[in-house]
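Student: Below you will find the structure I want to go over with you.
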Amino acid sequence: MTDAPPRDFGVLLPPGWVRIPLDGSEYARMTAIVAAKAAAVPEPQRGQIRQQLRRVLTDALASARDAGGIDLLISVGQVRGVPIPASCLVSYLDRGPEVRLDRLHAELGGEGDQVSWTEVAGSPAIRRQRAGTPSVDYLAPVPGRQGLLSLSFATAAPEPLAGALLPLFDAIAGSVRWQS
């Protein structure tokens with residue numbers, strides 16, 4: 001990789017997950033996702049699936065945009081007919097001068113969360129699992145820039161499914177690669 005900042009990132013998503021860039025075309029993408037999912041179910045259920053998925057995605061996109069996200073990774077899949085409520089808000093955090101990961105790691109460790117080192121996009125990154133919740137944040141430096149890429153995963157799934165999703169979040173974050 002050169003010293004130029006990456007243009008974008010690639011990420012591997014499991015079946016049933018989609019990536020929606022928050023670039024002004026998210027509602028057109030949402031419409032296409034809803035149409036594709038609805039087309040895959042029998043006619044009597046299409047209207048209900050279309051309405052439910054549109055509501056979930058509209059709310060998720062509004063929240064992601066309000067939070068300053070650049071992308072939304074979200075599960076639109078089901079297991080045995082039950083939706084898997086999980087998503088990831090991708091953000092770029094510009095904290096001014098270059099962030100020292102070791103210092104940030106120490107700061108985050110004092111908040112009671114489980115903080116550890118991991119790898120994102122082939123470089124050292126921070127993994128923070130928030131205390132008492134099935135949510136995990138990954139903070140990775142962006143080559144050629146001063147800020148951090150933040151991947152914030154969350155789920156509303158009950159245990160034991162919520163705990164089972166944590167390794168999936170690790171795998172998704174670990175698959176991020178920079179694109180120039």
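Student: Within segment 120-140, track down each residue that is surrounded by fewer than 21 Cβ atoms within 10 Å (Cβ to Cβ) and more than 25 Å from PRO85 (Cα to Cα).
Tutor: GLY122, SER123, PRO124
Student: I would also like to ask the following. Before we move on, is SER75 within 22 Å of TRP178 (Cα to Cα), among the hydroxyl-bearing types (Ser, Thr, Tyr) and in contact (Cβ under 8 Å) with a residue 40 or more places away in the chain? Even if it seems obvious, please write down each step before you answer.
Tutor: Numbers: within 22 Å of TRP178 (Cα to Cα): no; among the hydroxyl-bearing types (Ser, Thr, Tyr): yes; in contact (Cβ under 8 Å) with a residue 40 or more places away in the chain: yes.
Taking the combined requirement at face value, the residue does not satisfy it.
Student: Follow-up question, since we're still on this one. Take LEU151 and tell me if it is within 13 Å of the chain's Cα centre (by Cα) and modelled with pLDDT of 95 or more.
Tutor: For LEU151, the condition - within 13 Å of the chain's Cα centre (by Cα) and modelled with pLDDT of 95 or more - is met.
Student: Okay, next question. Would you tally the residues in segment 157-173 being modelled with pLDDT of 90 or more and more than 19 Å from LEU108 (Cβ to Cβ)?
Tutor: Qualifying residue count for the region: 5.
Student: Out of (1) within 22 Å of ASP23 (Cβ to Cβ); (2) at pLDDT 90 or above, the odd one out for ARG145 is which?
Tutor: (2)
Student: Can I ask one more? Please work out if ARG7 is closer than 25 Å to VAL120 by Cα and among the charged types (D, E, K, R).
Tutor: Spelling it out, ARG7 is indeed closer than 25 Å to VAL120 by Cα and among the charged types (D, E, K, R).
Student: Next question. Have a look at ARG19, ARG50, ARG55 and point out the one that is in contact with a strand residue (DSSP E or B) (Cβ under 8 Å, 6 or more places away or on another chain) and of a type in the set (Lys, Arg).
Tutor: ARG19
Residues are listed down the side, and each one gets a yes or a no for (1) touching a residue at least 12 places away in the same chain (Cβ under 8 Å); (2) in the same structural domain as ALA157 (by TED's automatic domain parsing):
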site	(1), (2)
ARG55	no, no
LEU61	yes, no
ASP94	yes, yes
ARG100	no, yes
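The values are calculated or read from the model by the stated rules, or taken from the named source; none is laboratory data. The model shown is predicted, which means the values in this text are computed figures rather than measured ones. Cβ atoms come from the backbone with ideal geometry, glycine included; neighbour counts cover every protein chain shown.
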